[in-house]
Amino acid sequence: MKILITGSAGFIGYNFSKFLLKKTRHKLIGLDNLNNYYPVKIKKKRLKVLKKYNNFKFLKLDLNDKNKLEKIFKLKINIVYHFAAQAGVRYSLKKPRAYVESNLNGFFNLIENIKKYHIKKFFYASSSSVYGNSSQFPLAESSQTRPINMYGLTKKNNEEMTDIFFKNTVTKCVGFRFFTVFGEWGRPDMLIYKYLESIFNKKKIFYLNNYGNHIRDFTYIKDVCEIMYTLLKKKIDKSHQIFNICANSPIKITSVLKFIDLNFIKKPKIIKRKFQLADVKKTHGDNRKIKKYLNKKFYTDIREALKNTCSWYKINWKIYH
């Protein structure tokens with residue numbers, strides 16, 4: 001089987017690629033444009049790990065390069081996992097066009113080829129950001145979607161495009177609404193890694209938004225990979241499914257920081273500040289649908305997951321500095 005993974009140098013794309021390479025003998029083709037939203041050296045370090053596997057091939061490619069993209073589909077791809085996207089909520093206030101070009105135009109170029117070449121299964125990354133600032137929790141897949149930033153809006157649009165574009169086709173589609181995924185090899189712009197960096201860099205101040213009153217439904221990357229791998233093996237019975245990928249266990253940000261502190265002697269300097277634009281105050285997803293669909297009974301305890309993340313960071317912190 002030949003699997004195409006876009007965004008293979010990114011956080012989720014890398015971890016899932018490695019998970020598949022260790023679990024299977026499938027041939028993987030990884031795509032990434034290696035943009036500089038965060039340090040490219042982190043992405044290159046991830047790729048260095050993946051390139052050790054003989055059944056992995058990497059191609060540097062932007063999804064807006066239509067001609068090169070179609071050439072890849074002529075290699076007889078069976079399944080597509082799509083993680084390539086312009087990430088970052090606050091960044092969408094500064095560079096909204098980047099989200100249109102990557103998350104909309106690039107996404108359409110991809111699904112156009114998926115449809116043309118009759119790909120059997122298409123899995124893609126959506127986000128909890130599609131829900132916006134809800135006041136009713138937990139958020140189920142049937143809950144109203146009201147994104148409050150460009151990032152969330154493009155992800156909602158991806159879901160709607162997929163729903164319409166693949167009607168009456170052979171392609172089975174699955175969208176993942178990810179809730180605050182974290183873990184080893186995480187993105188440096190995310191809260192946990194910002195905090196870890198401030199522990200190792202004495203000059204780095206950690207800014208705690210909304211005075212630490214945010215609540216998030218953190219989801220460990222290893223649980224995410226296991227779910228996506230199980231879905232790969234499972235027969236998809238509908239043309240388009242949406243799943244919340246979350247632990248269904250919301251926790252206050254300040255509690256997360258205290259759990260991290262247990263793994264270190266030093267604590268960083270923290271400056272609390274007001275609520276930031278484009279943020280949502282709380283995320284809490286309902287994961288009953290995916291648990292029932294896959295018969296998954298448990299998720300990794302956040303304290304254990306944070307301990308694993310901290311242990312990994314202690315060894316690899318120089319990659320982020």
Here is a check on your reading of the model: is A98 surrounded by 23 or more Cβ atoms within 10 Å (Cβ to Cβ) and out of contact with any helix residue (DSSP H, G or I) (no Cβ under 7 Å at 6 or more places or on another chain)? no
Only residues that are crowded, with 23+ Cβ neighbours inside 10 Å and either over 15 Å from L232 (Cβ atoms) or of a type outside the set (V, I, T) (or both): list them for segment 1-14, please. L4, T6, G7, S8, A9, G10, F11, G13, Y14
For segment 120-136, the count of residues that are over 15 Å from the mean Cα position of the chain (by Cα) and buried (at least 23 other Cβ atoms within 10 Å of the Cβ) equals 2
Limited to segment 251-278, what total is found for residues that are assigned to a loop (DSSP other than H, G, I, E, B) and at negative phi? 13
Consider I199 against the criteria (1) over 14 Å from the mean Cα position of the chain (by Cα); (2) touching a residue at least 40 places away in the same chain (Cβ under 8 Å); (3) outside any helix (DSSP H, G or I): it satisfies all of them except one. Which criterion is unmet? (3)
List pairs: first residue in segment 291-302 and on the phi < 0 side of the Ramachandran plot and surrounded by 16 or more Cβ atoms within 10 Å (Cβ to Cβ), second residue in a helix (DSSP H, G or I) and among the aliphatic types (A, V, I, L, M) anywhere in the structure, Cβ distance under 8 angstrom, at least six positions apart or on different chains. I302/V256
Are any of the residues in segment 167-174 crowded, with 21+ Cβ neighbours inside 10 Å and either basic (K, R) or not in a loop (DSSP other than H, G, I, E, B) (or both)? yes
When only residues in segment 261-288 that are among the β-branched types (V, I, T) and surrounded by fewer than 16 Cβ atoms within 10 Å (Cβ to Cβ) count, which is modelled with the lowest pLDDT? I265
Name the residues in segment 21-38 that are in a loop (DSSP other than H, G, I, E, B), closer than 14 Å to T6 by Cα and either in contact with a strand residue (DSSP E or B) (Cβ under 9 Å, 6 or more places away or on another chain) or among the acidic types (D, E) (or both), would you? N33, L34
Listed residues K233, K258, K238, K252; which is out of contact with any strand residue (DSSP E or B) (no Cβ under 7 Å at 6 or more places or on another chain), among the charged types (D, E, K, R), in contact (Cβ under 8 Å) with a residue 12 or more places away in the chain and surrounded by fewer than 18 Cβ atoms within 10 Å (Cβ to Cβ)? K238
Can you confirm whether K41 is under 25 Å from N316 (Cβ atoms), within 21 Å of the chain's Cα centre (by Cα) and either in a loop (DSSP other than H, G, I, E, B) or among the basic types (K, R) (or both)? yes
Number of positions in segment 46-71 that are surrounded by fewer than 17 Cβ atoms within 10 Å (Cβ to Cβ) and assigned to a helix (DSSP H, G or I): 7
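The values are calculated or read from the model by the stated rules, or taken from the named source; none is laboratory data. If you're wondering where the values come from, they're calculated on a predicted model, not measured in any experiment. Using ideal geometry, Cβ is built from the backbone for each residue, glycine included, and neighbour counts are taken over all protein chains shown.
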